[in-house]
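Worksheet: one structure, shown below.
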Amino acid sequence: MQFKLEHYTHPDFSLPMLANAPDAQLAEAPLDGVAPKEFHATTIFPEYFKVNGRWLLAQESRMDCAAVLEQDTIHVRELRRLKKGDQVFVARSESGEHGIFVHTDGFDEAEQSPGERFAFRQGRSRETAFSMDYDFLYQQLRHEREHGYIVWVAGPACTFDADSRNAFSELCANGYVHALLAGNALAVHDLEASYKHSALGQDIYTQKTYPLGHYNHLDTINKVREHGSITSFIEREQVHEGIMFHCVKHDIPYVLAGSIRDDGPLPEVYADAYAAQDAMRTHISKATTLVCLATTLHSIAAGNTAPSFRVLPDGTIRQVYLYMVDISEFAANKLSDRGSLCARSIITNVQDFLVHTNKNLRL
């Protein structure tokens, strides 16, 4: 299977409904952090706004935000970022009749059998065959390594098994990870594996529980905090393997978003949820592919801040691909209602997924 980007078809603005549409309406934000009544809420799709007779594309987007006009440029902003007096687009229709057009079918979709309304196994479940998804992913990651920005959103299950941890580390070393978004737990248990050869007190290969093993992750956190940073811990404790080691070695940026249940946490963990969201958005705004592994909350957070498209420096509009990998059907399909052109679920054990993916990318 040869990977190629889907072709983007621009809206036909010569159609009477769009050609004759009025300019989109604007209203001032009444207060900092408050949108005007009937504000337009953005989506994951390309959105065009008619301004002075011209249809303008909002080039940086995310869902559930407001669209602001500044000097003939559309800016998409979270409501918390609005300033009093911002010129915000208002209208609750998206088909162009009020100067706002949400383009939901700009990318070519897979061919469907015409006229068939009944068919078996159209959903994504543990019985779904994922061979084609894997083959597509391998080719895509090879392409994206050179031409895109691959963001991995990972849960601690990636570190609980020696083989999957090694596989993820190798993906980092071989250029398939351009940024890592995770929580305190992934970094803690990866560093615990380097420091104690355990994750939550269990040997990462045999799964045998160490005596007083429940202290291992706490001792690891304590030692990292003593050294002041993950990088200092890696250097001073002479760590030479693992996911965080390879992130540091290969200058792969990572964002560790904290939660109420965190132990420690590690020094680099963002305690402020909105600061964490901003840090994640730094990488999601550049992402061309996101691979979300066994972390429902972080995956939803990443998915809800990622658009389905990216405007490249040369003006080309390309698709953003999103994979949701989890053993739970509920978790894996949580983002599937975002539309087939960006969300793909793979229901499998995440350790098997990482080992399988890394092995095939070596070929």
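The rows are residues; the columns are (1) surrounded by 19 or more Cβ atoms within 10 Å (Cβ to Cβ); (2) more than 16 Å from the chain's Cα centre (by Cα); (3) modelled with pLDDT under 90.
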position: Val311; (1), (2), (3): no, yes, no
position: Asp337; (1), (2), (3): no, no, yes
position: Ile346; (1), (2), (3): yes, no, no
position: Asp352; (1), (2), (3): no, yes, no
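Of all residues being modelled with pLDDT under 95 and of a type outside the set (D, E, K, R) in the range 245-263, which is most open to solvent (accessible area, probe 1.4 Å)? Just the residue, please.
Of everything passing the filter in the range 245-263, Ile260 is most open to solvent (accessible area, probe 1.4 Å).
Please work out if Phe120 is modelled with pLDDT under 95, in contact with a strand residue (DSSP E or B) (Cβ under 6 Å, 6 or more places away or on another chain) and either farther than 24 Å from Gly53 by Cα or hydroxyl-bearing (Ser, Thr, Tyr) (or both).
In short, no.
Scan the range 240-290 for residues that are small (Gly, Ala, Ser) and touching a residue at least 12 places away in the same chain (Cβ under 8 Å) and jot them down.
Residues satisfying the conditions are Gly242, Ala257, Gly258, Ser259, Gly264, Ala271, Ala273, Ala276, Ala279, Ser285, Ala287.
State which residue is farthest from Thr282 (Cα to Cα) when the search covers only the range 179-193 and only residues that are out of contact with any Phe, Trp or Tyr (no Cβ under 6 Å at 6 or more places or on another chain) and part of a strand (DSSP E or B).
Gly183
Would the range 268-291 turn up any residue that is part of a loop (DSSP other than H, G, I, E, B), of a type outside the set (D, E, K, R), at pLDDT below 95 and closer than 26 Å to Asn349 by Cα?
Within the range 268-291 (the criterion being part of a loop (DSSP other than H, G, I, E, B), of a type outside the set (D, E, K, R), at pLDDT below 95 and closer than 26 Å to Asn349 by Cα), the answer is no, since none of the residues qualifies.
Restricting the search to the range 194-242, which residues are open to solvent by 30 Å² or more (accessible area, probe 1.4 Å), among the aliphatic types (A, V, I, L, M) and not in a helix (DSSP H, G or I)?
Leu200, Leu212
If you scan the range 39-77, which residues turn out to be under 22 Å from Ala301 (Cβ atoms) and without any contact (Cβ under 8 Å) to a residue 40 or more places away in the chain?
Ala41, Thr42, Ala58, Cys65, Ala66, Ala67, His75, Val76, Arg77
Looking at the range 37-56 only, could you name the residues that are buried (at least 18 other Cβ atoms within 10 Å of the Cβ), at pLDDT 95 or above and under 21 Å from Gly315 (Cβ atoms)?
Correct list: Thr42, Pro46, Glu47, Tyr48, Phe49, Lys50, Trp55.
The values are calculated or read from the model by the stated rules, or taken from the named source; none is laboratory data. Computed from a prediction, not measured in an experiment: that's the story for all the values here. Using ideal geometry, Cβ is built from the backbone for each residue, glycine included, and neighbour counts are taken over all protein chains shown. Heavy atoms of the whole protein, side chains included, go into the accessibility calculation; ligands, DNA and RNA do not. Shrake-Rupley method; radii C 1.70, N 1.55, O 1.52, S 1.80 Å.
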